[in-house]
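The values are calculated or read from the model by the stated rules, or taken from the named source; none is laboratory data. Small disclaimer: the values here were computed from a predicted structure and weren't measured. Here Cβ is always computed from backbone atoms with ideal geometry, including for glycine, and neighbour counts include all displayed protein chains.
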Amino acid sequence: MSKQIVICDDHLLFLNGISELLKNTGNNYGIFKFSDVHSCRSHLMQNVADVFICDLNINHLDGFVLIEELKSQLKNTKIIVLTAYYEDFLIQKARKLGVNAFLKKETPADELISVIEANKNTAFYTNKSYKKGESVYSAIDGSIVNKFRISRQEKEIIKLIIKGLTSKEIAEVLFISITTVTTHRKNIHRKLEINNSSSLIKFAHENNLLD
């Protein structure tokens with residue numbers, strides 16, 4: 001019986017491209033593609049999938065939240081995160097959440113197919129070229145800080161969020177209360193018009209905040 005594969009990504013060119021790529025493998029995959037979280041969630045609530053391929057930022061919603069919501073429906077499904085946000089703390093979060101593989105969007109077709117075909121009980125997989133700690137943002141550009149009226153403490157909190165620290169850990173590092181951290185996080189989201197960590201990383205990409 002052919003594998004039933006569900007793909008959720010709001011980038012239509014990528015969604016259609018990956019769908020065509022999988023259809024042309026000759027593996028007779030059943031492909032179901034969704035560009036919005038609500039339709040994808042509805043499908044997975046009613047249908048069994050062998051493989052679920054998911055981005056991390058879908059219509060400004062966090063892909064991890066979707067995976068967590070569908071945990072009971074996906075218990076027999078291989079979960080593959082396929083994303084542009086290739087950061088160590090996201091990879092570790094995926095591993096803890098029970099995701100089977102965390103891949104870059106530029107992953108070669110043969111590597112993606114190999115991951116799809118591997119046994120679900122195979123160890124957690126990430127790209128062969130990945131080295132722990134690579135591409136983690138460590139600086140916030142001064143002009144961006146000024147443009148968005150980010151305070152010095154908010155700047156420090158952004159750095160720590162991107163490194164993967166929890167609010168409790170940030171409070172301990174900066175010697176402030178968790179309530180203060182929570183307030184700063186809300187202000188950062190409001191000022192940058194974002195609503196989750198994936199969006200924060202997207203903002204960093206778009207504003208050249210890489211080292």
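When you go through 89, 52, 32 one by one, which is the residue that is within 30 Å of residue 159 (Cα to Cα) and either without any contact (Cβ under 8 Å) to a residue 60 or more places away in the chain or assigned to a helix (DSSP H, G or I) (or both)?
That would be 89, the only listed residue that is within 30 Å of residue 159 (Cα to Cα) and either without any contact (Cβ under 8 Å) to a residue 60 or more places away in the chain or assigned to a helix (DSSP H, G or I) (or both).
Output the residues belonging to the range 68-89 that are aliphatic (A, V, I, L, M) and surrounded by fewer than 21 Cβ atoms within 10 Å (Cβ to Cβ).
First, the residues of the range 68-89 that are aliphatic (A, V, I, L, M): 70, 74, 79-82, 84.
Those that are aliphatic (A, V, I, L, M) and surrounded by fewer than 21 Cβ atoms within 10 Å (Cβ to Cβ): 70, 84.
I need the helices (runs of 4 or more DSSP H) fully contained in the range 145-211, keeping only those with at least 2 residues that are under 24 Å from the mean Cα position of the chain (by Cα), of a type in the set (Phe, Trp, Tyr) and modelled with pLDDT of 80 or more.
It comes to none.
Determine which single condition residue 106 fails, assuming it passes every other condition in (1) in a loop (DSSP other than H, G, I, E, B); (2) closer than 17 Å to residue 37 by Cβ; (3) among the acidic types (Asp, Glu).
(2)
May I ask you to list the residues in the range 160-172 that are under 17 Å from residue 89 (Cα atoms) and either exposed (fewer than 14 other Cβ atoms within 10 Å of the Cβ) or of a type in the set (Asp, Glu) (or both)?
The answer is 166, 168, 169.
Please find, within the range 35-49, the residue that is surrounded by the fewest Cβ atoms within 10 Å (Cβ to Cβ) out of those that are assigned to a loop (DSSP other than H, G, I, E, B) and aliphatic (A, V, I, L, M).
Of all residues in the range 35-49, those assigned to a loop (DSSP other than H, G, I, E, B) come to 35-36, 47-49.
Applying the additional criterion that residues be aliphatic (A, V, I, L, M) yields 48-49.
Numbers: 48: 11, 49: 23.
Only one residue fits best here, namely 48.
Would you check if there is a residue in the range 5-15 being free of Cβ contacts under 8 Å to residues at least 40 places away in the same chain and part of a strand (DSSP E or B)?
no
From the list 93, 78, 33, exactly one residue is out of contact with any Leu (no Cβ under 7 Å at 6 or more places or on another chain) and either modelled with pLDDT of 95 or more or farther than 17 Å from residue 199 by Cβ (or both). Which is it?
78
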